[in-house]
1. Which of the GluC sites (Glu not before Pro) found in region 12-115 are loop residues per DSSP with 16 or fewer other Cβ atoms within 10 Å of their Cβ?
2. Solvent-accessible area of residue 100, probe 1.4 Å, all protein chains present, reported in Å² to the nearest ten, please.
3. Contact order normalised by length for region 34-92, with contacts defined as Cα pairs under 8 Å and 6 or more residues apart; what percent is it?
4. Give the longest segment of the chain that steers clear of chymotrypsin sites (Phe, Trp or Tyr not before Pro) in DSSP loops with at most 16 neighbouring Cβ atoms within 10 Å, not counting the sites themselves.
5. With a cut-off of 8 Å between alpha carbons and a minimum separation of six or more residues, what is the relative contact order of the chain in percent?
6. Quick one: pull the percent of accessible area on the chain belonging to carbon and sulfur, 1.4 Å probe, ligands and nucleic acids left out.
7. Hand me the trypsin sites (Lys or Arg not before Pro) from region 15-72 located in a DSSP loop with no more than 12 other Cβ atoms within 10 Å, in residue order please.
8. Using Cα-Cα distances under 8 Å and only pairs 6 or more residues apart, what relative contact order does region 8-58 have, in percent?
Amino acid sequence: QVQLVESGGGLVQPGGSLRLSCAASGNIVAIIVMRWYRQAPGKRRELVAAITSTDFTNYADSVKGRFTISRDNAEKTAYLQMNSLKPEDTAVYYCNGHLVPYGGNDRDYWGQGTQVTVSS
């Protein structure tokens, strides 16, 4: 079965860096797009970054110039490199993938989230 598992979250000081990973597993025919979302307490979930199968990327205005999304096709893993972190980046970060599973139709899959806390 298809699963997405995030890792790399933790506590970091303002101005620091963190790298999140999202590993996809299972019988996957194709990965159409991988996305990172985040949700802070009391806030709506927002799209942070996305990367397509052709490596086209898109970023939220709040993270442009600081975050970089990338992917490793062989490992079926997406990454989010976060630099110059700010307290307002504190949130649960979720990996989302629009995938084509073996024997099924394409749809979204979600990871369980990883906590990122930016604080001194």
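The values are calculated or read from the model by the stated rules, or taken from the named source; none is laboratory data. Small disclaimer: the values here were computed from a predicted structure and weren't measured. All Cβ positions, even for glycine, are placed from backbone atoms using ideal geometry, and neighbour counts span all protein chains on display. Side chains are part of the model used for accessible areas, which takes the heavy atoms of the whole protein and leaves out ligands, DNA and RNA. Shrake-Rupley method; radii C 1.70, N 1.55, O 1.52, S 1.80 Å.
1. Those satisfying the criteria are 75.
2. Rounded to the nearest 10, the figure is 30 Å².
3. Working: 78 pairs, mean separation 17.0, N = 59.
Dividing the mean separation by the residue count of region 34-92 yields 29 percent.
4. Values: sites that count: 56, 102.
The longest such stretch corresponds to 1-55.
5. On the way: 302 pairs, mean separation 44.4, N = 120.
Relative contact order of the chain: 37 percent.
6. Working: 2960 of 6570 Å².
Carbon-and-sulfur percentage of accessible area, whole number: 45.
7. Working: sites: 19, 35, 38, 43, 44, 45, 64, 66, 71; in loops: 43, 44, 45, 64, 66.
Qualifying residues, ordered by number: 43, 44, 64.
8. On the way: 44 pairs, mean separation 12.1, N = 51.
About 24 percent, as a whole number.
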